[in-house]
């Protein structure tokens, strides 16, 4: 099987390095920066380490490869698609691993579907330096099943998310709202705890509330609780924001949370559920959706 990478940054390097260790030889790649006076050295060093041969153009990769990984930044992924469209062929696998939006992945599919190529929207959901080619990937599109069939024997961990291009990217980007957001919230919280000399106590208190409890249970408890008590909790955060200001610390995340809670006030959840409690987070989200 001939594997080619268009774009040879961190994702392509780590995946190709892992696949080379699995015995897949002869991998080729190209990168817009490979002849750059500064960044080119890194591209060539990585290619050498992974046993990858660098070639001159996107079309050269697309004409040669059975499986194409489009691994460029999201702002360039449509340009790459248009560049190689004329040389794509029926049955060829075109796997876009960029962090593009679902609408972009759908647009790429619309651009190439008449070529007969098998398109896969592939969303990487883990650490590439740590997992390399074994990074968990969620895949959708008409080529997703074939992609999984071909690459699972080489250690790739691929989960299917249907035939709709964009579905995998939607999972990744929605997940990022939480994963990146919670990290930002943690930093804001830890800066405040550090400023007031209460880090150990705060961490121990939160751990006691969170540890050993399934994530879905946290969703039900925190989402329904926030809906029912949004006014009181928003008011409480006024004090948190004032405290952060007194310590000359950022309160961006806390201000955003306060606004989110205030946005829930119009739904009058406390009155809706005066006689019974909501069944869980789904009931709250459905109410917000339909109003």
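Can you tell me the orientation of helix 215-228 relative to the chain, as the angle in degrees between its alpha-carbon axis and the longest Cα principal axis, to the nearest 10?
50
Mind sorting out which of [x] 42, 36, 18; [y] 30, 22, 18; [z] 44, 24, 17 is the real semi-axes √(5λ) of the Cα gyration tensor in Å computed from the coordinates?
For semi-axes √(5λ) of the Cα gyration tensor in Å, the calculated option is [z].
Relative to the first principal axis of the alpha-carbon coordinates of the chain, what is the inclination of helix 230-246, with its axis defined by its Cα atoms, in degrees from 0 to 90 and to the nearest 10?
The helix 230-246 is inclined about 80 degrees to the chain.
Between 0 and 90 degrees, rounded to the nearest ten: what's the tilt of helix 40-50 against the longest Cα principal axis of the chain?
The helix 40-50 is inclined about 80 degrees to the chain.
So how much slack lies between residue 265 and residue 41, counting 0.36 nm per residue of separation and subtracting their Cα-Cα distance, in nm?
75.1 nm
Return the calculated 222 nm mean residue ellipticity for the chain, to the nearest 500 deg cm²/dmol, obtained by summing -39500 (n - 2.57) across DSSP H runs with n ≥ 4 and dividing by the residue count.
It comes out at -16500 deg cm²/dmol, rounded to the nearest 500.
Quick one: which of 30-36, 270-276 comes out on top by average Cβ neighbours within 10 Å, and what's the full order, highest first?
30-36, 270-276
Quick one: grab the alpha carbon gyration tensor of the range 62-130, order the square roots of its eigenvalues as a ≥ b ≥ c, and give me rounded if a/c is under 1.5, else prolate or oblate depending on whether a/b is larger than b/c.
Prolate, because a/c is 1.5 or more and a/b exceeds b/c.
Please compute the contact order of the range 3-163 in relative form: average sequence separation of alpha-carbon pairs under 8 Å and at least six residues apart, divided by the residue count, as a percent.
21 percent.
Report relative contact order for the chain in percent, whole number only (criteria: Cα-Cα under 8 Å, sequence separation at least 6).
Value for the chain: 12 percent.
For the range 3-163, compute Rg over Rh where Rg is the Cα radius of gyration and Rh is the Kirkwood radius from the inverse mean 1/r over Cα pairs.
0.93
Please work out how much length the chain gains when fully extended from residue 89 to residue 215, using 0.36 nm per residue of separation minus the C-alpha to C-alpha distance, in nm with one decimal.
Length gained between residue 89 and residue 215: 40.9 nm.
With the cut-off at 15 Å, report for the range 214-291 the share of all Cα pairs above it, as a whole percent.
For the range 214-291, the share of Cα pairs beyond 15 Å comes to 58 percent.
Could you give the nm distance between label points at residue 175 and residue 249, where each point is 7 Å from its Cα heading toward the beta carbon?
Simple spin-label model gives 3.0 nm for this pair.
Read-outs: derived from the displayed coordinates by stated rules, not from any lab. A quick note: this is a predicted structure, and the numbers were derived from the prediction, not measured. Quick reminder, even Gly has a Cβ in these numbers, built from the backbone with ideal geometry, and neighbours come from all protein chains shown.
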